[in-house]
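The values are calculated or read from the model by the stated rules, or taken from the named source; none is laboratory data. All values reported here derive from a predicted model rather than from experimental measurement. Virtual Cβ from ideal backbone geometry, glycine too; neighbours counted across all protein chains shown. Just the protein is used for accessible areas: all its heavy atoms, side chains included, with ligands, DNA and RNA removed. Shrake-Rupley method; radii C 1.70, N 1.55, O 1.52, S 1.80 Å.
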Amino acid sequence: NFLSLIETKRDGGRHSPEEIAGIIRELVAGKLPDYQVAAWLMAVYFRGFDREELSALTMAMRDSGERLEFPDDPRPLVDKHSTGGVGDKVSLPLAPLLVALGFRVPMISGRALGITGGTLDKLESIPGFTTRLTKEQIVRQVQEIGVAMAGQTEHMVPADRILYAMRDVTGTVPSLPLITASILSKKLAESLDALVLDVKFGAAAFMKSREEAEALGRTMVELATDCGVTTRFVLNDMNQPLGRAVGNWLEVKESVDCLEGRGPEDLRKLVLECAAHLLEMTGRVGGFEEGLRRAASTLDSGAPLQCWERLLLSQGANLDTFRRKLAEPAPAGIRWELRSRTGGRLTCIDARLIGELLRRSGAGRLRQADRIRWDVGVECAIKAGRTVAQGDLLAHIHAANESEARELGSELASAFVVEPSV
Ligand code: URA
């Protein structure tokens with residue numbers, strides 16, 4: 001009787017582990033109507049879960065499908081997952097870097113969630129690239145080339161596949177237990193040796209304050225560690241976009257810049273930090289600083305870029321088509337200049353507003369059936385902290401045509417906060 005469970009949670013009661021396992025079983029069997037699942041998610045959002053409920057939900061979601069099993073191999077199995085950000089494309093350059101550092105990376109990712117971008121949607125902006133892989137394909141590819149980047153399926157963490165898509169459009173994403181269970185169900189199904197979690201806080205993150213983000217990080221680390229996976233979390237500010245590009249395809253392009261040793265410094269720094277943590281956690285280096293140096297020299301060696309290209313080929317992309325698209329200046333149709341109306345100091349680039357506007361423009365979803373527009377997006381021309389003169393370029397807007405670009409630009413302008421210099 002799912003209705004009585006919804007009422008229990010609505011009224012602040014708790015579920016037993018058996019009840020939670022039952023909910024997940026029925027959910028995956030397609031026996032729960034969407035409207036009741038949505039109501040239950042909202043009740044969980046407001047009432048929360050205690051530690052036992054959280055653990056039961058995470059395990060039930062992990063076990064809702066098959067777990068990946070890998071043959072013995074000297075290369076440790078590692079992964080990184082972010083709680084969600086705007087412009088956060090770290091997974092794309094990081095995964096091939098980790099392979100070049102001697103790891104195996106079986107990465108199960110998600111789609112855009114709320115105003116934040118999703119690795120799967122970004123990867124699918126690459127012509128031909130498929131994120132739909134079977135368990136056998138993932139294991140084979142990881143053994144052969146070191147990495148696979150795939151999504152949840154009917155057979156792999158199907159419970160997260162269903163709940164993730166529903167949370168995205170029911171306003172139930174920013175919940176500590178729901179985020180924890182969503183992330184860890186995927187990561188624990190990967191049979192990892194080590195995991196690093198990038199926990200974001202700030203206006204464009206699901207956790208607005210540093211304290212909330214810390215609580216989320218600690219909860220995930222404790223639960224993952226209890227399950228035998230060496231786990232760490234890093235805290236990162238998500239008030240401003242990471243890097244310069246926001247939008248699925250533009251973020252792929254910026255990831256390639258990073259792999260080519262170019263691209264924004266904040267992106268490179270976070271990629272190297274995640275790699276250094278994993279190197280240190282798996283005992284591959286004596287300390288974090290040595291990990292950073294090893295990661296930087298490996299990134300600059302070009303080996304991760306070659307691994308990225310192997311990944312693309314292996315998951316269905318054609319490299320010539322990919323490179324042609326990389327060279328296109330305006331893949332969405334038009335590349336339009338947003339210029340500063342005033343002079344002064346650019347004190348902030350509001351990632352929350354950029355995320356909201358791009359989701360509305362089709363880079364994310366407002367309803368489950370919405371089709372993603374891969375190529376719309378924004379490329380910031382400068383980072384916050386710089387002085388600008390009236391008329392200076394702030395960003396390029398990628399849109400279908402000039403009227404769409406103008407409309408988006410008129411709202412996006414207020415994301416770039418320019419304060420008069422004194
Ligand atoms: N990433 C996930 O996989 N799930 C969440 O709930 C948030 C970020």
Here the qualifying pairs (Cβ atoms under 7 Å; residues six or more apart or on different chains; first in the stretch 58-83 and more than 24 Å from residue 236 (Cα to Cα); second of a type in the set (A, V, I, L, M) and in a strand (DSSP E or B)) come out as 70/77; 76/194
crowded, with 17+ Cβ neighbours inside 10 Å, over 23 Å from the mean Cα position of the chain (by Cα) and at negative phi, is that true of residue 319?
-> no
Of all residues in the stretch 119-151, how many are free of Cβ contacts under 8 Å to residues at least 24 places away in the same chain and either open to solvent by less than 10 Å² (accessible area, probe 1.4 Å) or touching an Asp or Glu at 6+ places or on another chain (Cβ under 8 Å) (or both)?
-> 0
Would you pick out the residues in the stretch 343-358 that are over 17 Å from residue 410 (Cβ atoms) and surrounded by fewer than 23 Cβ atoms within 10 Å (Cβ to Cβ)?
-> 343, 344, 345, 346, 347, 348, 352
Pick from 116, 130: which is more than 16 Å from the ligand (Cβ to nearest atom) and not aliphatic (A, V, I, L, M)?
-> 130
Could you figure out which of (1) within 13 Å of the ligand (Cβ to nearest atom); (2) at pLDDT below 95; (3) open to solvent by 10 Å² or more (accessible area, probe 1.4 Å) isn't true of residue 154?
-> (1)
Output the residues belonging to the stretch 254-282 that are under 13 Å from residue 379 (Cβ atoms) and surrounded by fewer than 20 Cβ atoms within 10 Å (Cβ to Cβ).
-> 257, 264
Can you tell me which residue among 88, 79, 63 is within 13 Å of the ligand (Cβ to nearest atom), under 30 Å from residue 26 (Cβ atoms) and among the acidic types (Asp, Glu)?
-> 79
Which ones in the stretch 227-241 are within 26 Å of residue 346 (Cα to Cα) and open to solvent by 20 Å² or more (accessible area, probe 1.4 Å)?
-> 235, 236, 237, 239, 240
Scan of the stretch 209-225 for residues that are crowded, with 16+ Cβ neighbours inside 10 Å and farther than 19 Å from residue 277 by Cβ, ordered by number = 212
Failed condition for residue 340, given (1) closer than 17 Å to residue 257 by Cα; (2) buried (at least 18 other Cβ atoms within 10 Å of the Cβ), with all others met?
-> (1)
Does residue 138 meet the test of being more than 16 Å from the ligand (Cβ to nearest atom), under 29 Å from residue 328 (Cβ atoms) and at pLDDT 95 or above?
-> no
